[in-house]
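In what follows, a single structure is set out as structure tokens and then discussed.
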2 protein chains.
Amino acid sequence: MNTASTEREPRWLTYEEQRTWFAYVHATTLMEDHLDRQLQRDAGMPHLYYQLLVVLSAAPQRRLRMTELAMRTKITRSRLSHAVARLEKNGWVRREDCPSDKRGQFAVLTDGGFEMLSTCAPGHVAAVRQALFDRLSPEQQKSLGEIMEIITEGLQPAEAGADLPWLR
Amino acid sequence: MNTASTEREPRWLTYEEQRTWFAYVHATTLMEDHLDRQLQRDAGMPHLYYQLLVVLSAAPQRRLRMTELAMRTKITRSRLSHAVARLEKNGWVRREDCPSDKRGQFAVLTDGGFEMLSTCAPGHVAAVRQALFDRLSPEQQKSLGEIMEIITEGLQPAEAGADLPWLR
DNA sequence: CCCCAGTAGTTGAAGTCTCAATATTTGCTG
DNA sequence: CAGCAAATATTGAGACTTCAACTACTGGGG
């Protein structure tokens, strides 16, 4: 009933792997913190909330079903519910009923929300550049993208049934 | 009074950069979630708390000053205070006064804490392997380590005075 | 048509994190 | 050595996340 501890003798991380792993943990901790602060200061919301608005802004009609939005941002529906409630209070997002499915809700980016994005986007992009892209060579950027996509694939929704042997 | 938005005309992210950035955000979101769940289930604590114990276990005397522990794990002293308070309640960590500086406190890993680490380490390592190292080539692992170290350097404590022009 | 397992989304409580304020101590400076 | 800015660590309030219910609706099989 346990995915991992079924191992007979654990293969510990090598020195190099440990180094890499700590670097990963440190970098991601600092980065999230960095962006949260930058956006909290400039936009009055954490990074995740900003992401939600970005994803909505790119969607047709600037709207998405809650579940779809949750999947695209890799968060739980519950977390999204709370987040949208807050964004709604701020006036950046509005909820709308789904005509074809009475259970469904759309999260819709408001004009105010869009405007706010326009205002804050330059600062956010600059922060990302300064922390990430400005410091990496083109090869490293390419490599980073590939690696992160591999990780994502491995943890994705497939997650649900990932430990079922007959599904790869 | 604003670090980023001093830019005259923002350099938006290219298509490739966006792709990389989203991959980064998705992968790190999923990874943190994955490890938090795994450790919450097996060790009854979030990933950060587990990291604190790991770092303590590697320190001489299995103890560190609060500030030192906070710096090594890249979190604020405040966050650490709360975390240690919780870990203390669980009996994994104990606080001790610092003799040479009456303001100081040591966080000390207890025997119970150490034992718990021993028990949970295999499962945790397995989770990290399965999500990360098992999926990457040796070259990718090396590259990932380098990239993450670069990011860390850029965001590090130097952070505090990073936007002062006369310090690089 | 009814049943019912499954899906969409929300809710509340408990746990965690942030931010600003606080208490205490240090060590430099005059 | 008195005064004070800086450092150590903690605290509480409010914001955010998680987890486990819970409501409401859907869609397919008897």
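Mind checking whether some residue in the stretch B:11-25 is within 15 Å of DNA strand D (Cβ to nearest atom), under 27 Å from B:F133 (Cα atoms) and within 14 Å of chain A (Cβ to nearest Cβ)? Spell out the reasoning first.
Just the residues of the stretch B:11-25 that are within 15 Å of DNA strand D (Cβ to nearest atom), to begin with: B:25.
Next, only the ones that are under 27 Å from B:F133 (Cα atoms) stay: B:25.
Filter once more, keeping what is within 14 Å of chain A (Cβ to nearest Cβ): B:25.
Yes, because at least one residue in the stretch B:11-25 is within 15 Å of DNA strand D (Cβ to nearest atom), under 27 Å from B:F133 (Cα atoms) and within 14 Å of chain A (Cβ to nearest Cβ).
Which one is farthest from DNA strand C (Cβ to nearest atom), of the residues in the stretch A:109-121 that are away from chain B (no Cβ under 14 Å) and surrounded by fewer than 18 Cβ atoms within 10 Å (Cβ to Cβ)? Quick ask: steps written out before the conclusion?
Applying the first criterion (away from chain B (no Cβ under 14 Å)) to the stretch A:109-121 yields A:109-115.
Still in the list and also surrounded by fewer than 18 Cβ atoms within 10 Å (Cβ to Cβ): A:111-112, A:114-115.
Details: A:D111: 21, A:G112: 19, A:F114: 21, A:E115: 23 Å.
Result: A:E115.
Is one or more of the residues making up the stretch B:64-71 surrounded by fewer than 22 Cβ atoms within 10 Å (Cβ to Cβ) and within 14 Å of chain A (Cβ to nearest Cβ)? Show your work before the answer.
Pass one, the stretch B:64-71, residues surrounded by fewer than 22 Cβ atoms within 10 Å (Cβ to Cβ): B:65-68, B:70-71.
Remaining after also requiring within 14 Å of chain A (Cβ to nearest Cβ): B:70-71.
There is at least one residue in the stretch B:64-71 that is surrounded by fewer than 22 Cβ atoms within 10 Å (Cβ to Cβ) and within 14 Å of chain A (Cβ to nearest Cβ).
In this structure, does A:V128 turn out to be within 14 Å of chain B (Cβ to nearest Cβ), within 18 Å of the chain's Cα centre (by Cα) and not in a strand (DSSP E or B)? I'd like the intermediate steps shown before the answer.
On the way: within 14 Å of chain B (Cβ to nearest Cβ): yes; within 18 Å of the chain's Cα centre (by Cα): yes; not in a strand (DSSP E or B): yes.
Considered against the rule, which asks whether it is within 14 Å of chain B (Cβ to nearest Cβ), within 18 Å of the chain's Cα centre (by Cα) and not in a strand (DSSP E or B), A:V128 comes out as yes.
Out of the residues in the stretch B:146-158 that are over 16 Å from A:F133 (Cα atoms) and open to solvent by less than 70 Å² (accessible area, probe 1.4 Å), state the one that is modelled with the lowest pLDDT. Steps first, please.
Initially, the stretch B:146-158 is screened for residues over 16 Å from A:F133 (Cα atoms), giving B:156-158.
Next, from what is left, pick out any that are open to solvent by less than 70 Å² (accessible area, probe 1.4 Å): B:156, B:158.
Working: B:Q156: 84, B:A158: 47.
Result: B:A158.
For the stretch B:131-141, how many residues are more than 7 Å from every other protein chain (Cβ to nearest Cβ) and either closer than 11 Å to A:I147 by Cβ or surrounded by 18 or more Cβ atoms within 10 Å (Cβ to Cβ) (or both)?
Going through the stretch B:131-141 one residue at a time, the tally reaches 2.
Looking only at the stretch A:26-47, count how many residues are within 16 Å of DNA strand D (Cβ to nearest atom), open to solvent by 20 Å² or more (accessible area, probe 1.4 Å) and assigned to a helix (DSSP H, G or I). Steps first, please.
Step one: of the stretch A:26-47, the residues within 16 Å of DNA strand D (Cβ to nearest atom) are A:28-29, A:31-47.
Imposing the further condition that a residue be open to solvent by 20 Å² or more (accessible area, probe 1.4 Å) reduces the set to A:28-29, A:32-34, A:36-37, A:40-42, A:44, A:46.
Remaining after also requiring assigned to a helix (DSSP H, G or I): A:28-29, A:32-34, A:36-37, A:40-42.
Total satisfying the criteria: 10.
The values are calculated or read from the model by the stated rules, or taken from the named source; none is laboratory data. As the structure is a computational prediction, the values presented were derived from the model and not from experiment. In this analysis, Cβ positions are derived from the backbone assuming ideal geometry, glycine residues included, and neighbour counts consider all displayed protein chains. Remember, those area values only see protein heavy atoms, side chains included, never the ligands or the DNA or RNA. Shrake-Rupley method; radii C 1.70, N 1.55, O 1.52, S 1.80 Å.
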